[in-house]
Amino acid sequence: MLLDDDVIEELKMVAGDAPELLDEIIDSYLFQLPEFLEGIEQGVKNKDAEQLMHAAHSLKGSSYNMGAKEVGEICAVLEKKGREVDFSDIPGLIQPLTTACEKTQAALLDLKSAE
């Protein structure tokens, strides 16, 4: 599941009669997304487990809070691999993460335009 409908509904309830608040939350997540991805990619490229773990943890938390379940799940795996200093199989996770981020971005932008 790309987006967690329960979390999206909760965010809509928090925004209430101020849909611009939901737009701001979405914009904030989308603004941070490239920075987190870059941190993950640099951590992998440099075999820097600490950077990988930190960037994956940050993106995981933001994603789960935003309802971006698929991105969060992939980041949880990357965070664990960083914690364990295990770079095996990581290259096989980067493309699915990038794809999930692109799909999530499109879904969140659609959510904004639907409001």
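Look through S58, S62 and report the one residue that is at pLDDT 95 or above and in contact with a Gly (Cβ under 8 Å, 6 or more places away or on another chain). Full working, then the answer.
Numbers: S62 fails: in contact with a Gly (Cβ under 8 Å, 6 or more places away or on another chain).
Going through S58, S62 in turn, just one is at pLDDT 95 or above and in contact with a Gly (Cβ under 8 Å, 6 or more places away or on another chain): S58.
Would you confirm, using the coordinates I've provided, whether K60 is within 10 Å of the chain's Cα centre (by Cα) and not aliphatic (A, V, I, L, M)? Show your work before the answer.
Details: within 10 Å of the chain's Cα centre (by Cα): yes; not aliphatic (A, V, I, L, M): yes.
So K60 fits the description; yes.
Which of the residues spanning segment 62-115 are surrounded by fewer than 16 Cβ atoms within 10 Å (Cβ to Cβ), without any contact (Cβ under 8 Å) to a residue 40 or more places away in the chain and either in contact with an Asp or Glu (Cβ under 6 Å, 6 or more places away or on another chain) or of a type in the set (S, T, N, Q) (or both)?
Of everything in segment 62-115, those that are surrounded by fewer than 16 Cβ atoms within 10 Å (Cβ to Cβ), without any contact (Cβ under 8 Å) to a residue 40 or more places away in the chain and either in contact with an Asp or Glu (Cβ under 6 Å, 6 or more places away or on another chain) or of a type in the set (S, T, N, Q) (or both) turn out to be S88, Q95, T99, S113.
Could you check, for segment 50-59, whether at least one of its residues is touching a Lys or Arg at 6+ places or on another chain (Cβ under 6 Å) and either surrounded by fewer than 18 Cβ atoms within 10 Å (Cβ to Cβ) or under 22 Å from Q95 (Cβ atoms) (or both)? Show your work before the answer.
Going residue by residue through segment 50-59, those that are touching a Lys or Arg at 6+ places or on another chain (Cβ under 6 Å) are 53.
Next cut, either surrounded by fewer than 18 Cβ atoms within 10 Å (Cβ to Cβ) or under 22 Å from Q95 (Cβ atoms) (or both) only: 53.
Yes, the conditions are met somewhere in segment 50-59.
How many residues, within segment 16-26, are of a type outside the set (V, I, T) and closer than 18 Å to Y64 by Cβ?
Pass one, segment 16-26, residues of a type outside the set (V, I, T): 16-24.
Now restrict to residues that are closer than 18 Å to Y64 by Cβ: 22.
Result for segment 16-26: 1.
Out of D6, D17, D23, I need the residue that is more than 16 Å from the chain's Cα centre (by Cα) and not in a helix (DSSP H, G or I). Which one? Step through it out loud before you land on a result.
Values: D6 fails: not in a helix (DSSP H, G or I); D23 fails: not in a helix (DSSP H, G or I).
The conditions single out D17.
In this structure, is A15 touching a helix residue (DSSP H, G or I) at 6+ places or on another chain (Cβ under 9 Å), under 24 Å from E84 (Cα atoms) and surrounded by 11 or more Cβ atoms within 10 Å (Cβ to Cβ)? Please lay out each step first, then the result.
Numbers: touching a helix residue (DSSP H, G or I) at 6+ places or on another chain (Cβ under 9 Å): yes; under 24 Å from E84 (Cα atoms): no; surrounded by 11 or more Cβ atoms within 10 Å (Cβ to Cβ): yes.
Spelling it out, it is not the case that A15 is touching a helix residue (DSSP H, G or I) at 6+ places or on another chain (Cβ under 9 Å), under 24 Å from E84 (Cα atoms) and surrounded by 11 or more Cβ atoms within 10 Å (Cβ to Cβ).
The values are calculated or read from the model by the stated rules, or taken from the named source; none is laboratory data. Because the structure is predicted, anything quoted here is derived from the model rather than measured. Reconstructed Cβ throughout: ideal geometry from the backbone, glycine too, with neighbour counts over all protein chains shown.
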